[in-house]
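Peer 1: Sending over a structure as structure tokens; questions will come in a sec.
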Amino acid sequence: MIDSGTRIKEIAFTAYPAENTAELAKFYTDVLGLKMTYKYEEQGVVNYAEFQLGQAWFSLMNRQWMDSEKGRGIGVAFEVDDIDAMLAELGTRGVKTEKPYDTPVCRVSTIEDPEGNRVTFHQTTVPH
């Protein structure tokens with residue numbers, strides 16, 4: 001068993017690989033409405049962009065730093081209050097959306113960002 005002083009407490013951040021971090025960050029700010037809270041640049045190139053959501057952080061990171069190809073991000077799910085309204089708004093912005101599906105505790109739908117990363121929207125319907 002892992003010592004309580006070294007146990008995993010929470011997620012520090014999630015990160016998606018980006019070919020062009022600055023341009024991809026514009027999708028997350030301009031289309032999804034996230035607020036960028038930090039960015040790291042080297043020689044005029046944005047290599048890292050971070051967005052705080054509640055007590056968690058979602059990040060975009062230069063794909064070379066992550067040693068991953070663009071479009072390989074598959075693990076982020078953003079909690080929303082009204083998934084139908086969110087998808088409708090994204091549709092007006094030219095984003096292809098999928099019809100949400102229901103589970104016993106939530107509604108879920110997934111889109112792709114401009115570099116092919118899958119982004120999931122999650123609406124809790126039964127608190128758990």
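The values are calculated or read from the model by the stated rules, or taken from the named source; none is laboratory data. What you see is a predicted model; the values in this text were computed from it and never measured. All Cβ positions, glycine included, derive from the backbone under ideal geometry; neighbour counts span all protein chains shown.
Peer 1: Hey, does segment 88-101 have a residue that's of a type in the set (Val, Ile, Thr) and in contact with a Phe, Trp or Tyr (Cβ under 8 Å, 6 or more places away or on another chain)?
Peer 2: If we filter segment 88-101 for residues that are of a type in the set (Val, Ile, Thr), which is where we start, we get 92, 95, 97.
From what's left, in contact with a Phe, Trp or Tyr (Cβ under 8 Å, 6 or more places away or on another chain): none.
The answer is no; no qualifying residue exists.
Peer 1: Do you know which residues across segment 98-128 are in a loop (DSSP other than H, G, I, E, B), farther than 13 Å from residue 32 by Cα and not acidic (Asp, Glu)?
Peer 2: Start the filter on segment 98-128 by keeping residues that are in a loop (DSSP other than H, G, I, E, B), which leaves 98-100, 103-105, 113-117, 125-128.
Those left that are additionally farther than 13 Å from residue 32 by Cα: 98-100, 103-105, 115-117, 125-128.
Correct list: 99, 100, 103, 104, 105, 116, 117, 125, 126, 127, 128.
Peer 1: Go through segment 39-49 and give me each residue that's farther than 11 Å from residue 60 by Cβ and either touching a helix residue (DSSP H, G or I) at 6+ places or on another chain (Cβ under 6 Å) or not aliphatic (A, V, I, L, M) (or both). Spell out how you get there, then give the answer.
Peer 2: Of the residues in segment 39-49, the ones farther than 11 Å from residue 60 by Cβ are 41-45.
Residues satisfying the conditions are 41, 42, 43, 44.
Peer 1: Can I ask one more? Could you grab me the full set of residues in segment 53-89 that are under 12 Å from residue 115 (Cβ atoms), surrounded by fewer than 17 Cβ atoms within 10 Å (Cβ to Cβ) and either within 12 Å of the chain's Cα centre (by Cα) or basic (Lys, Arg) (or both)?
Peer 2: 72
Peer 1: OK, next. When residue 30 is evaluated against the numbered criteria (1) modelled with pLDDT of 95 or more; (2) surrounded by 11 or more Cβ atoms within 10 Å (Cβ to Cβ), which criterion, by number, is the only one it fails?
Peer 2: (2)
Peer 1: Report the residue count in segment 27-58 for those that are over 17 Å from residue 78 (Cα atoms) and free of Cβ contacts under 8 Å to residues at least 12 places away in the same chain.
Peer 2: So the count comes out to 5.
Peer 1: Continuing with the same structure: Do the conditions hold for residue 115, that is, is it among the acidic types (Asp, Glu) and buried (at least 16 other Cβ atoms within 10 Å of the Cβ)?
Peer 2: Numbers: among the acidic types (Asp, Glu): yes; buried (at least 16 other Cβ atoms within 10 Å of the Cβ): yes.
It is true that residue 115 is among the acidic types (Asp, Glu) and buried (at least 16 other Cβ atoms within 10 Å of the Cβ).
Peer 1: Follow-up question, since we're still on this one. Confirm whether residue 63 is at pLDDT 90 or above and either out of contact with any Gly (no Cβ under 8 Å at 6 or more places or on another chain) or of a type in the set (Phe, Trp, Tyr) (or both). Spell out the reasoning first.
Peer 2: Working: at pLDDT 90 or above: no; either out of contact with any Gly (no Cβ under 8 Å at 6 or more places or on another chain) or of a type in the set (Phe, Trp, Tyr) (or both): yes.
Judged against the criteria, residue 63 is not a match.
Peer 1: Among the residues of segment 94-120, what is the count of those that are in contact with a Leu (Cβ under 9 Å, 6 or more places away or on another chain) and under 22 Å from residue 23 (Cβ atoms)? Steps first, please.
Peer 2: Narrowing segment 94-120 to residues in contact with a Leu (Cβ under 9 Å, 6 or more places away or on another chain): 95-100, 109, 111, 113-115, 117, 119.
Going one step further and asking which of them are under 22 Å from residue 23 (Cβ atoms), we end up with 95-97, 111, 113-115, 117, 119.
Selection size over segment 94-120: 9.
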